[in-house]
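Structure first, commentary second.
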Amino acid sequence: MSHTAIKDTRTPVDPSDGRGSLSQRSLPRWAPTGFAAAGLAIGAGVGAGAGLSSKVQWGLIAVVAFLVISYTATTVVENRRQAKDRLATSVVWVCFVLAVIPLVSLLWTTISRGIGSLDPHFLTHSMAGVIGSDPNGGVYHAVIGTLEQVGIATVIATPIGLLTAVYLVEYGKGALARAVTFFVDVMTGIPSIVAGLFILSIMLMAKIGPSGLMGAIALSILMVPVVVRSTEEMLKLVPNELREAALALGVPKWRMILKVVLPTAIGGISTGVMLAIARIAGETAPVILLVYGSQFINMDPFNGAQSSLPFYIYEQYKIGEVEAINRAWSAALLLIAFVMILNLVARGIARWKAPKTGR
């Protein structure tokens, strides 16, 4: 029997290209940091040499220099494929830094300008009898109003949003489910002033006076679609195998939802609720229309005008005096701290209620 020789037609690998070699050259781990430092140096040098006064222009030059250096050095030392990969990674990092810079600048400005007036006196006194140029006065009445209004809105909106999301994911079919989804999408884009005007029209027809409750109802209208959307997405992430396993054991569907689906998604649901609270905590228009604002302490959200932190910031900044503007920055810092504390509480609840996993 004759044997036919098989010719090897594979293209030989060029060792200089760095492909297929186990000992190919590679850049050190600190190379991206070095490229970034070189880009910053070039941006500062070119910007100063060209007489550019805008630091934004300096930054753009530094970004371009960083990308060019990263791609060129990687091409020379490693290969073109690795250079393209590093270029894509560098672009992602540049976008991340550009997104973080405004956030850091905002936090730094708020902290630096608001920490000066944030003292125990500011937190425990109201603005009753205090004029704009007076360094005294505080934010206590606004904190009480915000806590009561946001708390009532959360109590109203969270069950409605949660049950709506459960219906859409677990039961919703046909025209009714499509109609609910459509109206939730429409409500997501409703401006806060529209929700305030809607409740204001009801107040005028029913001859109801301003109160924190009316503002909370308007805030709940803004909060419901956020809770529905976030909860709906979290429920969709629960594997169907968990539902099928529970139903196969003869568990009723309502009990399966209560004991299996919701505990599995509780982390995402809590985060969505906190995001919805953060969405409404900074709203000013409904408070102006429905709560009217007040410089006195009103502990009753069901009767009489109240204030809130967003309205307090707007009110103090509108006065224009130096002391009033300082109080506005301090209230803004307090509002940011309030939202951050809510997020930390949500993470703690999510970790506590999340299903326990073991090896």
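Could you grab me the full set of residues in region 74-85 that are under 16 Å from PRO28 (Cα atoms), touching a residue at least 24 places away in the same chain (Cβ under 8 Å) and either assigned to a helix (DSSP H, G or I) or touching a strand residue (DSSP E or B) at 6+ places or on another chain (Cβ under 8 Å) (or both)?
Hits for region 74-85 are THR74, VAL77, GLN82.
What about ALA246, is it in a helix (DSSP H, G or I), assigned by TED's automatic domain parsing to the domain that holds LEU309 and under 22 Å from the mean Cα position of the chain (by Cα)?
no
Of everything in region 263-300, what is over 16 Å from the mean Cα position of the chain (by Cα), surrounded by fewer than 19 Cβ atoms within 10 Å (Cβ to Cβ) and either in a loop (DSSP other than H, G, I, E, B) or not assigned by TED's automatic domain parsing to the domain that holds THR164 (or both)? Give them in sequence order.
Within region 263-300, GLN295, PHE296, ILE297, MET299, ASP300 meet the criteria.
Suppose the filter is part of a loop (DSSP other than H, G, I, E, B), modelled with pLDDT under 85, assigned by TED's automatic domain parsing to the domain that holds PRO102 and not acidic (Asp, Glu); does GLY51 pass it?
In short, yes.
Among the candidates SER126, SER90, single out the residue that is farther than 30 Å from GLU323 by Cβ, of a type in the set (Ser, Thr, Tyr) and buried (at least 17 other Cβ atoms within 10 Å of the Cβ). Steps first, please.
Values: SER126 fails: farther than 30 Å from GLU323 by Cβ.
Only one candidate qualifies: SER90.
Could you run through region 134-153 and say how many residues are buried (at least 21 other Cβ atoms within 10 Å of the Cβ) and hydroxyl-bearing (Ser, Thr, Tyr)?
Residues flagged as buried (at least 21 other Cβ atoms within 10 Å of the Cβ) and hydroxyl-bearing (Ser, Thr, Tyr) within region 134-153 amount to 1.
How do the pairs read when you match residues in region 214-232 that are in contact (Cβ under 8 Å) with a residue 60 or more places away in the chain and under 20 Å from GLY293 (Cβ atoms) with residues anywhere that are acidic (Asp, Glu) and assigned to a helix (DSSP H, G or I), using Cβ under 9 Å and keeping only pairs 6 or more apart or on different chains?
Correct list of pairs: ALA216/GLU148.
From the list ARG279, ARG351, which one is among the basic types (Lys, Arg) and within 30 Å of PHE122 (Cβ to Cβ)?
Step by step, each of ARG279, ARG351 is checked, and only ARG279 is among the basic types (Lys, Arg) and within 30 Å of PHE122 (Cβ to Cβ).
Restricting the first residue to region 292-314 and requiring it to be under 13 Å from GLY209 (Cβ atoms), which pairs with a second residue that is of a type in the set (Phe, Trp, Tyr) meet a Cβ separation below 7 Å and a spacing of at least six or different chains?
Note: pairs meeting the criteria are ALA305/TYR292.
Inside region 33-81, can you point out the residues that are farther than 17 Å from VAL94 by Cβ and of a type in the set (D, E, K, R)?
GLU78, ARG80, ARG81
The values are calculated or read from the model by the stated rules, or taken from the named source; none is laboratory data. These figures come from a predicted structure and were not determined experimentally. Please note: Cβ atoms are built from the backbone with ideal geometry, for glycine as well, and neighbour counts cover all protein chains shown.
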